[in-house]
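Nothing in this text is a laboratory measurement; each read-out follows from the coordinates by a stated rule. Just so we're clear, the structure is a prediction, and the values are computed from it rather than from any experiment. In this analysis, Cβ positions are derived from the backbone assuming ideal geometry, glycine residues included, and neighbour counts consider all displayed protein chains.
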Amino acid sequence: MKVTKSGMVMFLYILFLMLPIYWLLNMSLKTNNEILNSFSLWPQNLTFENYMTIFTDKSWYSGYINSITYVLMNTVISICVALPAAYAFSRYRFMGDKHLFFWLLTNRMAPPAVFALPFFQLYSSVGLFDTHIAVALAHCLFNVPLAVWILEGFMSGVPKEIDETAYLDGYSFTRFFTRIFMPLIASGIGVVAFFCFMFSWVELLLARTLTSVVAKPIAATMTRTVSAAGMDWGVLAAAGILTIVPGALVIYFVRNYIAKGFALGRV
Amino acid sequence: MDLAWMGWTWQTGAFFGSIVLALIGMTIFSIKYPQSPKMGILRFETTPGDRLFMSLLGSAFICLGWLAMFGSPLWWALLVCCIYAFCVFRWV
Amino acid sequence: MTKTWNNKAWFMVLPVVILVAFSALLPLMTVVNYSIQDTFGNNQFFFAGFEWFEEIMTSSRFHDALGRQFLFSTIILAIEVPLGIFIAMNLPSKGWKSSLCLVLISLPLLIPLNVVGTIWQIFGRADIGLLGASIAALGLDYNYTQNAVDAWITIIVMDVWHWTSLVALLCFAGLQSIPEAYYQAARIDGASKWATFRYIQLPKMHGVLLIAVLLRFMDSFMIYTEPFVLTGGGPGNSTTFLSIDLVKMAIGQFDLGPAAAFSLIYFLIILLMSFIFYTVMNSLDKKEG
């Protein structure tokens, strides 16, 4: 096989990306004793004990369930409210549309740190503190604007004649939207779901501020265990590997749309 | 729902009230006298709403700069803000 | 596309407006309230004028954090944007190789931010991490928890590791939209590789490149979790960026007034950046028709 220059570049780059992940995997399959006392490139005594700890200890696995719960809630809410809004932005001009769009964008850009404290007080005062829905709603802050932005990009790619033809054929708006329009931008919806999942899944600051026990996400479980129980490196590494798995699965499903999706449908 | 934690005082109420009034005012104004966007010295199109936004944002930075350099009171900074806002509406 | 003027479209936008108003506007109003008041607890407030703003604007703590933040964002952009373009040009453009590369390079983007911190925390330790151990084996003294320069290098490498793929993917999408005919024309004209890049590829990429620069700038400007896990803002205050400092002030010390003033100044900077970007993007759209 001929080795080309760009093949070499890609190989080096992917190596650079994969090495830290491999190291995490490597550590997750070792015992703590081995991690601290001997240095090896692969596990000498292969052990799955770290993973067993996570799957049997409720304080660990409930973290995953909590995270998945609020991430899914957030994805559904974001898409449901963003679909009609994106349609409005891509098809119509209305009073203050540009300013509204700009205001939405600034929320995507706003630092969560600014909102952490008022969120804490707001959700406490309406009795939502430490629930899944609180985190899901808080993550809407940056996911809804992003969803509108991406969907608008995809919808603008659908010719307007399709809408007009459908209305002439006697379709009502809802029927047209669900039967004809949504299948046309199915890939766009998939990409949005992927992004909402991704940003809600990786976010820690708000999720940690808004939960304490019942809805504690896995990310928070990890940081708190680090400080409390000394350094249980093996379990920490195993927990890290398990947080990568859902992302890897999701990315596999949308692999054909990744590039276009990251460009927000704007190429 | 108890809103005491938000800590309202009449000063902040007045601040938000004036912003809401400005928004309503601009909306009515743009319905009554529709204006096409104009091209200013910064080489992009602005509507009166954009110019209002730019004046407010710029004024906030002028006041912050004033606080950093001279400290309170802000009366003189307010004068600078007014001149700045006038310039934005006139030329941008 | 020509759009119809229709104010009824507001009804379709309404759910988004209500939702975002609840999750963005209410908290922001609270921040404004706090920023000009003082409190002795028990929800008793009194007016404090612009005292907090003055305190923040004249404190060296804020100036230092702001300086560090701008330095960090600049370095990040200077490394990630050229590297991202370079990677995108080397990505295989079709076939299973392309899919495989895309999936592999997107992987770091899907890792929770704190896990990214954890990965590099482990990877960089001299006793148990591959990177730390390799550097130590070379005889260099490297310790990111003690030495400020090492901490900075580790955080920058971590961010490059984490986010360069985003720039690469965006540029790749831009490159994919160039029709094959352009390249053929360039070949017939005998254009050099550089000329092809400068006059065909770069112009096609500038839209997505703008998005990439914006996303990277904003996200690095509000970076919190990764350095928090990796260094906790230390050693000393050397990696305390704006968000870390703000969270320390708001959640750690519960200084409502100064924290709120800090938040507002932070938010104003973001607002200015977004406005500049939005204006530039709109005028570009106009130019391209």
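Span-like helix check, chain C: qualifying full DSSP H segments, with Cα axial length of 24 Å or more and mean Kyte-Doolittle of -1.0 or more, are C:60-90, C:148-176, C:202-221, C:256-288. Select from A:LEU205, A:LEU117, A:LEU168 the residue whose mean-square fluctuation is largest in a Gaussian network model of chain A (Cα-Cα springs shorter than 10 Å). So, out of A:LEU205, A:LEU117, A:LEU168, the one fluctuating most is A:LEU168.
Enclosing the Cα atoms of the protein assembly as shown in their convex hull gives a volume equal to 191 cubic angstrom per residue. Look at the alpha carbon pairs under 8 Å that are at least 6 residues apart: their mean separation over the length of chain A gives a relative contact order of 32 percent. Charge dipole of chain A (Cα centre as origin; +1 on each Lys and Arg Cβ, -1 on each Asp and Glu Cβ, all else neutral): 480 debye, rounded to the nearest 20. Residues in region B:55-70 carry Karplus couplings, in order, of 5, 5, 5, x, 4, 4, 5, 4, 5, 5, x, 4, 4, 5, 8, 10 Hz; the curve used is 6.51 cos²θ - 1.76 cosθ + 1.60 with θ = phi - 60°, and Gly or Pro positions show x. Using only Cα atoms, tell me the angle between helix A:186-202 and the longest principal axis of chain A; keep it within 0 to 90° and round to the nearest 10. That works out to roughly 40 degrees. For region A:14-57, the set of chymotrypsin sites (Phe, Trp or Tyr not before Pro) satisfying both a DSSP loop assignment and a count of at most 16 other C-beta atoms within 10 Å is given as A:PHE39, A:PHE48. Name the residue farthest towards the positive end of the dipole of the protein assembly as shown from the options C:LEU102, C:GLY67, C:LEU271, assuming +1 on Cβ of Lys and Arg, -1 on Cβ of Asp and Glu, about the Cα centre. It is C:LEU102, whose Cα lies furthest towards the positive end.
Can you tell me the 0 to 90 degree angle between the C-alpha axis of helix A:132-156 and the longest principal axis of chain A, rounded to 10? That works out to roughly 50 degrees. Averaged over the residues of A:95-105, the number of partner chain Cβ atoms lying within 10 Å of the residue Cβ comes to 6.
Checking the Cα-Cα distances for A:LYS5/C:LYS94; A:LYS30/C:LYS97; A:LYS5/C:LYS97; A:LYS160/C:LYS8; C:LYS94/C:LYS204; A:LYS98/C:LYS3 against a 23 Å cut-off, the pairs over it are A:LYS30/C:LYS97.
Here the protein assembly as shown is assigned +1 on the Cβ of each Lys and Arg and -1 on the Cβ of each Asp and Glu. Its dipole about the Cα centre then comes out at about 1900 debye. Summarising the amide proton neighbourhood of C:GLN37: residues at separation of 5 or more, or on other chains, whose placed amide H is nearer than 5 Å comprise C:ALA48.
What is the calculated FRET efficiency for C:TRP194 to C:ILE156, with r their C-beta to C-beta distance and R₀ = 25 Å, to the nearest 0.05? Efficiency computed from Cβ-Cβ geometry: 0.30. Considering every alpha-carbon pair of chain A, the percent of pairs per 5 Å bin, from zero through the bin containing the longest distance, is 1, 5, 10, 12, 14, 13, 12, 11, 8, 6, 4, 2, 1, 0, 0, 0. Per residue of A:196-204, other chain Cβ atoms within 10 Å of the residue Cβ number 4 on average. For region B:21-92, the set of trypsin sites (Lys or Arg not before Pro) satisfying both a DSSP loop assignment and a count of at most 10 other C-beta atoms within 10 Å is given as B:ARG43. Across peptide A:120-132, the mean count of Cβ atoms from other chains lying within 10 Å of each residue's own Cβ comes to 3.
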